[in-house]
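So the structure is just underneath, and the comments pick up after that.
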Amino acid sequence: MAADEAPRLTVGSLLGLPLGTIPQPGPPLPAPTPAPSTAPAPSIEGPGWTVSAGEVAPGTAGGGLIYRPDGVEALTYSNPYGQVMERVWFDGKVVYAVDLGEVDVDPDRVKAAQEYQVVYAVELDPAGKTLAEPQLVPGQLNIYDSVPGMPIYSPIWQFNYVVVPRDYTPNALRSAADCLSSGYPVLRSQVFEN
């Protein structure tokens, strides 16, 4: 090749070898990482399963919620689909929930758990639906009457509005029992959420 000629690419040069060079054996390659097992789990569903990096493990005996010393559920969740999440009270402890939106259900045919929303005001029509957005108490978490594993639990939540005065201290109510024994009006609606 003339000095003024640009070098040409060859298969060898794409491998980092100059034209005309004979490849020499290099150090041995590391053993390939075995592919994850594609064999299905022993069953297609199970109670309390955990999943880590796509691998299923059976639930632990006695499972259920685990709380930090400050009463907050010790949850680790990466929320891969960016779902709306909320913190709610359950029996004086903070748990996490995914809000999938309002649903229309027949309460005579669909089991619903009870959710309490503390508000300054709400107006319901004769059918129990809200006529306008309730006036929420800023900073107050909603309150659940149950969590998964309890006989009264359901992923469908029926809203109960607890109407409090303007001098109410946010989060003074932290359980369904608190709401029901508070003396504040509790309005059961026909508003359901999943």
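The values are calculated or read from the model by the stated rules, or taken from the named source; none is laboratory data. All values reported here derive from a predicted model rather than from experimental measurement. Note: ideal-geometry Cβ built from the backbone for every residue, glycine included; neighbour counts use all protein chains shown.
The figures follow:
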read-out: Selection status of Val119, in contact with a Ser or Thr (Cβ under 9 Å, 6 or more places away or on another chain), modelled with pLDDT of 95 or more and β-branched (Val, Ile, Thr); value: no
read-out: Filtered residue count, segment 71-83, keeping only those that are surrounded by 10 or more Cβ atoms within 10 Å (Cβ to Cβ) and of a type in the set (S, T, N, Q); value: 2
read-out: Among (1) of a type outside the set (Phe, Trp, Tyr); (2) more than 19 Å from the chain's Cα centre (by Cα); (3) surrounded by 13 or more Cβ atoms within 10 Å (Cβ to Cβ); (4) more than 15 Å from Arg87 (Cα to Cα), the one test that Ser175 misses; value: (4)
read-out: Every residue from segment 89-119 that is buried (at least 17 other Cβ atoms within 10 Å of the Cβ) and among the hydroxyl-bearing types (Ser, Thr, Tyr); value: Tyr116
read-out: Segment 173-194 residues that are within 20 Å of Phe90 (Cβ to Cβ) and of a type in the set (Lys, Arg), paired with ones that are in a loop (DSSP other than H, G, I, E, B) and at pLDDT 95 or above (beta carbon under 9 Å, 6 or more apart); value: Arg174/Asp91; Arg174/Gly92; Arg174/Leu141; Arg188/Gly128
read-out: Among the residues listed as Leu180, Leu124, Leu131, Leu141, the single one being over 29 Å from Ile66 (Cα atoms), of a type in the set (A, V, I, L, M) and surrounded by 13 or more Cβ atoms within 10 Å (Cβ to Cβ); value: Leu124
read-out: Hits in segment 92-126 - residues which are within 22 Å of the chain's Cα centre (by Cα) and basic (Lys, Arg); value: Lys93, Lys111
read-out: Whichever residue in segment 59-72 is in a loop (DSSP other than H, G, I, E, B) and modelled with pLDDT of 75 or more and, among such residues, is nearest to Pro148 (Cα to Cα); value: Leu65
read-out: Inter-residue pairs, beta-carbon under 7 Å, first hydrophobic (A, V, I, L, M, F, W, C) and in segment 141-153, second in a loop (DSSP other than H, G, I, E, B) and modelled with pLDDT of 95 or more, 6+ apart; value: Leu141/Asn171; Ile143/Leu173; Ile143/Arg174; Ile143/Ser175; Val147/Tyr153; Ile152/Asp145; Ile152/Ser146
read-out: Segment 144-172, subset among the aliphatic types (A, V, I, L, M) and over 21 Å from Pro107 (Cα atoms), residue surrounded by the most Cβ atoms within 10 Å (Cβ to Cβ); value: Val164
read-out: Test for Glu86: is it part of a strand (DSSP E or B), of a type in the set (D, E, K, R), in contact (Cβ under 8 Å) with a residue 60 or more places away in the chain and surrounded by 10 or more Cβ atoms within 10 Å (Cβ to Cβ); value: no
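Let's see how each residue does on (1) in contact with a His (Cβ under 8 Å, 6 or more places away or on another chain); (2) not in a loop (DSSP other than H, G, I, E, B); (3) not β-branched (Val, Ile, Thr):
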residue	(1), (2), (3)
Ala97	no, yes, yes
Arg109	no, no, yes
Gln114	no, yes, yes
Tyr153	no, no, yes
Pro165	no, no, yes
Thr169	no, no, no
Leu173	no, no, yes
Tyr184	no, no, yes
